[in-house]
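Asks: Below is a structure I'd like to ask you about.
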Amino acid sequence: MINGTEQEGSINENGTILTPEGLGFTQRGHSLVKEIHGESYEISPLETIEKLEEAVQLQQEVWGFVDRDVCPSHMWVTAKDTGGHVLGARDSSGKLIAFIAGFGGYDVQEDHSFVLSDMLGVSEEQRDGGIGFNLKLAQALYVANQGIGEIRWTYDPLRSRNAYLNLRKLGAVVTKFFVDKYGNSLEGEQNAEVSDRFLVRWFINDPQIQDILINGRSSVPQDGIPTAEADHMPDTPVVSAHIPFSFDGLSAEDIRAEQLRFRSIASTYITDRGYKGVDYYLREVDGARRGFYIFSKSNIIELDAQGGDMKQKEEFFANLDSSLHVFEGCQNMLGVVSLTQAGYDGDEDSWIKDERLRRLLVEWGRQINSDSVMVLTGDPLKADQQGYHVTMDVLEPRGGNGSDLGGISTMCGNGVRAVAAYVKEFLPDIEEVTVMTLSGLRKIKIEKGSNEEDLFVVDMGEFSDKSDDLARYAKLDRVPPNSDGKYLDSEIPEEIKRELEGVVDVNSWSIGINGDRNGDGKMDGEPHLVVEIPRDRVKDIADLRKIAVVAGPIITKHLDLFPEEMNANFIVVDGVDEEGRFVIWNCTHERNLGDDPDHSVTASCGTGSTVAGGIMFEKYVSDPTQVVLVKCTGGDLEIAKSQTSNSLLMKGPAQRVNQAE
């Protein structure tokens, strides 16, 4: 094990077990190894003075400590002798990029040992990449193998990132609130007018905690839970309390006011009334992201499974059971839910504002590991009255920056093929399906493939690389187009070039969009950026995907350039095949799919492949009858020019996987 013992895992009295393998690690001697977002990291104890000095230096880099506030290496040398530890995480080059330190402790009143986790530091370039979470998992294994079942630490309750990690991802419980625990003594990055702290206790041998660590935490129903404010603090079994998601853009006076407001709430519930902080999650409120603590009079939320919101949830899923479907398109898992078939009586877009319904659909989408959920309204058998067979909205279960409401995308190319396959089940002889989407009316013709399988040819609308059509998605002053107002092979901004150095060295990219023009003449569709990688830089598409995993978030998440995120495609031109098709490889890092880069690089992307095909027609393919074959890791898509309009056509498969249970 990581501490050198022979123990294979942590077994509690109920038989639940934590093992390196169960937490996704590979054990190599005294080290734990895990691949995170395509990069291999090794976590091991730091026990020599030389190794501990690396962690001392990292302290100063992470927090900006002056010398008097740095924990010196000689204090850590004896940590192991008292039941403590210093664990370090190194990247594939061997550089120390994070560390966690803890000291042994003993609770006299409760008569048991615990570990006080004193520091967790992650270098700036590695933050929000999962390193901190995995260091905590390694710490849990280390401590459990010493026969200790609890870890404690403190944190600033207004730091949303820490709250989300500590409560939601790790399952720790807030038990105490300290007012100005450190005063104003700390200099550097931690200096502030107040230093209020939450104490959390992490019971790593508890079966519920271990289930959270292994399987993740399910959504907590928020509807019906009272919200506490400084002037309204209901004495109910469970309450929620909100904090800002970020202090960016707030003045010093506003930050101070927020600190004092939350101090009043935390003092009342945690200190005076004895509530516990049992969960933390994110949601949208009036267009802004907020974090919500859940305070409970017990260590868990004791909601009656036979009443209230939980009962509504079960009843709703029961009603939806016959209308929840799972399809697959080029290895992308796709949920399809027909609200009309389930008896939903709202307008075709009213479900978007129905937070309870959205949370249920997000939870279901995550359960089936769906990249996107196609939410349908309309009756396929009433196309003549409706003007189309169904409407389709695209719900991204992991979108919305982690919100439990998910995110909404304009179009999903794989999803619209799945919807056409769904409609065909009602109308087996149909040759063309019509689907109304946020990008316009999509017409899908159905053909037979060489193996008699159904192939769906989608009219994806007009292609454009004009800055006027992309102004909603790209800040033109920061991402300037070419002199002709187009983004074909336009210059990459210097700040992006610097961030991409060592990952992919390119000077230009193209940006495009597909869809129909709305009443204002503007294009509605999914925006895609395309970076062309020279063929000699990658050996195969798997190699190209590794580039997309690392470089994709650098582009997609650059909100100062792309306010609504930007899909990033990485392509390689591979010549012409024996059928005369112009062949490219494509790996797409999709927007609105959350913060896990590996998940966000999907097996295939229909809208991304279409935009990439449109750019190939602009750059290389002069014959309007030639087909662009887009090879993705999940399968092939064909992009062609319509011979009767300005549209691009996307051809690919879709089939039912199973009836959702």
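The values are calculated or read from the model by the stated rules, or taken from the named source; none is laboratory data. Please read these numbers as outputs of a predicted model, since none were measured by experiment. Using ideal geometry, Cβ is built from the backbone for each residue, glycine included, and neighbour counts are taken over all protein chains shown. Protein only, heavy atoms only, side chains kept; ligands, DNA and RNA dropped before computing areas. Shrake-Rupley method; radii C 1.70, N 1.55, O 1.52, S 1.80 Å.
Asks: From the phi of every residue in the range 67-80, what ³J(HN,Hα) in whole Hz does the Karplus formula 6.51 cos²θ - 1.76 cosθ + 1.60 yield, where θ is phi - 60° and glycine or proline is x?
Replies: These are the phi-based 3J(HN,Hα) values: 4, 5, 9, 6, 6, x, 5, 5, 6, 7, 4, 8, 4, 5 Hz.
Asks: Which entries of LYS136/LYS276; LYS34/LYS651; LYS51/LYS546; LYS353/LYS641; LYS169/LYS557; LYS443/LYS546 have Cα-Cα distances beyond 26 Å here?
Replies: Listed pairs above 26 Å: LYS34/LYS651; LYS51/LYS546; LYS353/LYS641; LYS443/LYS546.
Asks: Need one value: the accessible area of ASP111 in square angstrom, 1.4 angstrom probe, rounded to the nearest 10.
Replies: 110
Asks: Give me the net charge for the shell around CYS71: Cβ to Cβ below 12 angstrom, other residues only, Lys and Arg +1, Asp and Glu -1.
Replies: Values: positive: ARG68; negative: GLU53, ASP67, ASP69, ASP118.
With Lys, Arg at +1 and Asp, Glu at -1, the neighbours total -3.
Asks: Could you tell me how far the Cα centroid of the range 356-372 sits from the Cα centroid of the range 443-487, in Å?
Replies: Answer, in whole Å: 27.
Asks: May I ask for the angle, rounded to the nearest 10°, between helix 355-367 and the longest principal axis of the chain, with both axes built from Cα atoms and the value confined to 0 to 90°?
Replies: Result, in degrees: 90.
Asks: Give, as a single signed number, the net charge of other residues whose beta carbon lies under 9 Å from the beta carbon of LYS169, with Lys and Arg counted +1 and Asp and Glu -1. Present the calculation step by step, with values, prior to reporting the outcome.
Replies: Working: positive: LYS136, ARG168, ARG217; negative: none.
Summing Lys and Arg as +1 and Asp and Glu as -1 gives +3.
Asks: A further question on this structure: In deg cm²/dmol and to the nearest 500, what is the mean residue ellipticity at 222 nm of the chain if only DSSP H runs of at least 4 residues count, each as -39500 (n - 2.57), divided by the residue total?
Replies: Values: 15 runs with 151 residues, N = 661.
The helix contribution divided over the chain gives -6500 deg cm²/dmol.
Asks: With a 1.4 Å probe and all protein chains kept in place, how much accessible area does TYR106 have, in Å² rounded to the nearest 10?
Replies: 120
Asks: With a Förster radius of 25 Å, plug the Cβ-Cβ distance of GLU431 and SER645 into 1/(1 + (r/R0)^6) and report the FRET value to the nearest 0.05. Each step should come with its number before you reach the end.
Replies: Details: r = 18 Å, r/R0 = 0.72.
Efficiency, from the Cβ-Cβ distance: 0.85.
Asks: Between ASP574 and GLU35, what length in nm is gained on full extension when 0.36 nm per residue of separation is reduced by their alpha carbon distance?
Replies: Details: separation 539, 0.36 × 539 = 194.04 nm, distance 2.92 nm.
Here the answer is 191.1 nm.
Asks: With everything on Cα atoms, drop me the angle between helix 541-556 and the longest principal axis of the chain, reported from 0 to 90° to the nearest 10.
Replies: For 541-556 against the chain, the angle is about 70 degrees.
Asks: Also, quick follow-up: State the extension gain, in nm to one decimal, for the chain segment bounded by LYS619 and LYS475, taking 0.36 nm per residue of separation less the distance between their alpha-carbons.
Replies: Working: separation 144, 0.36 × 144 = 51.84 nm, distance 2.42 nm.
Result: 49.4 nm gained on full extension.
Asks: For the chain, compute Rh as the Kirkwood radius over C-alpha pairs and then the Stokes-Einstein diffusion coefficient at 10 °C and 1.306 mPa s; write the answer in µm²/s, rounded to an integer.
Replies: Stokes-Einstein gives a translational diffusion coefficient of 59 µm²/s.
Asks: Enumerate the amide H contacts of THR602 below 5 Å, restricted to partners 5 or more residues apart or on another chain; note that Pro and chain-start residues carry no placed amide H.
Replies: THR588, GLU590
Asks: Which net charge results when you count Lys and Arg as +1 and Asp and Glu as -1 among the other residues whose beta-carbon is under 14 Å from that of SER645? Intermediate values should be presented prior to the final figure.
Replies: On the way: positive: ARG442, LYS443, LYS445, ARG517, LYS641; negative: ASP459, GLU462, ASP516.
Charge balance near SER645 sits at +2.
Asks: With a point put 7 Å past each Cα toward its Cβ, work out how far ARG517 is from ASP272 in nm, to one decimal.
Replies: With each label placed 7 Å out from Cα toward Cβ, I get 6.3 nm.
Asks: Contour minus end-to-end for ASP67 and LYS497, with contour as 0.36 nm per residue of separation and end-to-end as the Cα-Cα distance?
Replies: 151.3 nm is the gain from fully extending ASP67 to LYS497.
Asks: A further question follows. If you line up the long axis of helix 413-426 against the longest principal axis of the chain, both from Cα atoms, how many degrees apart are they, to the nearest 10?
Replies: 70
Asks: Using a 1.4 Å probe on the protein heavy atoms only, what accessible surface does LYS95 show? Give it in Å² to the nearest 10.
Replies: Near enough 110 Å² of accessible area.
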